[in-house]
Amino acid sequence: MKIVVFAPHPDDEIYGAGGSILKWMEEGHDVHIVYVTDNRALVTWGKKNNQIILEEAKEYIDLSEEEIGVIGLKEAKSVARAFCFPDSNVHLFKFHDQDAMNQIHNGVKLSKDIIEDADRIVIPSDNNNHPDHQATHTIAKNAAIELNLANTEFYVYAIYNVMKAPMEMQKKERITDYRLEVYEIMKLYKTQLLFKDTRLGWQTLTRKRSERFGVFSLKDAGKFYNF
């Protein structure tokens, strides 16, 4: 099975589907990762919202957004290697952080070659209050609509909003055997762990037993809150 996971930012694959990625790989599936943005606005946003842990951020605090973006993509590549993605299965769109909504057309174009033969596409939820997450959902879904991927299943994860899919359309992937490995992989996102909330979320990974997805098909598009 070919599975394509979309991450709006480097680290969203961890919180949305990290254990499942490891599980699917162990099961022998052909798993791909798409990093949509470069995290360049990370420190700027963190300072503005009082989220930066200053004692941890000394080497990053005065860097430009361009420099942070380069580091963000470098960290994403390191994490992809830690997950054991083949280089050919790692796709970097390199859109600017906080600008994905202006890149829908380009994102759809880039996505189509990646997902055209996908059996499962893993994406953030619709109706998302984070613009990059919403853009990523729209990019992947619109690309699938243009390709008419009627036989592809969509696994939708919710990070910034709630899962409202009917229970019969939800799937829990048990990840107890993988959670400590996911926790260790997250350490490679040094810039992400400058955030207070991200660091708190990182600690919860050691206790996470399952990852929940809404499972949809193309005919469901626009009929459900999350898809």
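Each value in this text was obtained by applying a stated rule to the coordinates, not by laboratory testing. Small disclaimer: the values here were computed from a predicted structure and weren't measured. Glycine gets a Cβ as well: all are built from the backbone with ideal geometry, and neighbour counts include every protein chain shown.
The residue that is farthest from the chain's Cα centre (by Cα), counting only those in region 95-121 that are buried (at least 17 other Cβ atoms within 10 Å of the Cβ) and not in a helix (DSSP H, G or I), is A118.
Of the residues making up region 45-94, those that are outside any loop (DSSP other than H, G, I, E, B), among the charged types (D, E, K, R) and either over 18 Å from M25 (Cα atoms) or touching a residue at least 24 places away in the same chain (Cβ under 8 Å) (or both) number 10. For T138, the stated conditions do not hold, so it cannot be described as more than 21 Å from P10 (Cβ to Cβ), among the hydroxyl-bearing types (S, T, Y) and surrounded by fewer than 24 Cβ atoms within 10 Å (Cβ to Cβ). Where residues in region 30-52 are in contact with a Lys or Arg (Cβ under 6 Å, 6 or more places away or on another chain) and surrounded by fewer than 20 Cβ atoms within 10 Å (Cβ to Cβ), which of them is nearest to D119 (Cα to Cα)? So the residue we want is D30.
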